[in-house]
Amino acid sequence: MSGASAPDPRPRPQYGEYATPEEQRARIAQPDVGLVYEPAPVPEQPVPVSPAERPAAAPPETATRSRAVDRIVTFALLAYGLVNVVASFPALVDFTEYTDTMFGLLGVDATLSDPAAGRPWGIAAAIVLAAGWFVTAVVSWMSVRRGRLSWWIPLVGGVVFMSASAILVLIPLMNDPAVWSALENSIR
């Protein structure tokens, strides 16, 4: 078989990749001459694979690193929130001392008309803070376990529950005429 040539190892050209410059010029001059139109090959349909048989794709390193940073930030914010809740709890429960300290910091010479009336509001504010931290921690933990971005949950929880607690603290202060008159005198 000395006369037979070896098959060309290159794939069959589809777009004239192996054409000589003369063949290319001839094709440009008469584009439709000598062309054989073949139907495009139909791609094979993939065989369905059950989820158990699929190989697990390794997550990219940057995704793993960003998830670790997200977890650290999430738990650091939760720890900071817990410290704030624990520090605020005794102050809110002793509402009279809390308001005296607050008025002293603001430079307002005021005392509550009925200090006992503010105590339930302070206790309610402390409970809202503690329950809010607990809810925020549970939601954050569930989000971290699912692999979702979670750092924002403690921030939103902190804003929502601190705002609710602040409103509860302000209610007895805003309804106290002695506080209003002291505020008016401090403004003048």
The listed residue being farther than 21 Å from Arg71 by Cβ, of a type in the set (A, V, I, L, M), exposed (fewer than 14 other Cβ atoms within 10 Å of the Cβ) and at pLDDT below 90, out of Leu173, Leu112, Leu183, Leu105: Leu105
Single unsatisfied condition, Ser140 versus (1) over 30 Å from Val73 (Cβ atoms); (2) of a type in the set (Ser, Thr, Tyr); (3) touching a residue at least 40 places away in the same chain (Cβ under 8 Å): (1)
Arg148 being among the charged types (D, E, K, R), part of a helix (DSSP H, G or I) and modelled with pLDDT under 95: no
Out of Gly104, Gly132, sole residue that is within 21 Å of Ala164 (Cα to Cα) and part of a helix (DSSP H, G or I): Gly132
Trp151 vs. criteria in contact (Cβ under 8 Å) with a residue 24 or more places away in the chain, buried (at least 16 other Cβ atoms within 10 Å of the Cβ) and in contact with a Lys or Arg (Cβ under 9 Å, 6 or more places away or on another chain): yes
Breaking point among (1) surrounded by 14 or more Cβ atoms within 10 Å (Cβ to Cβ); (2) within 30 Å of Arg148 (Cα to Cα), for Tyr98: (2)
Output for the stretch 107-129, where each listed residue is assigned to a loop (DSSP other than H, G, I, E, B) and among the small types (Gly, Ala, Ser): Gly107, Ala110, Ser113
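The values are calculated or read from the model by the stated rules, or taken from the named source; none is laboratory data. Predicted, not measured: the structure shown is a model, and the values here were computed from it. Every residue, glycine among them, receives a Cβ derived from its backbone with ideal geometry; neighbour counts consider all protein chains shown.
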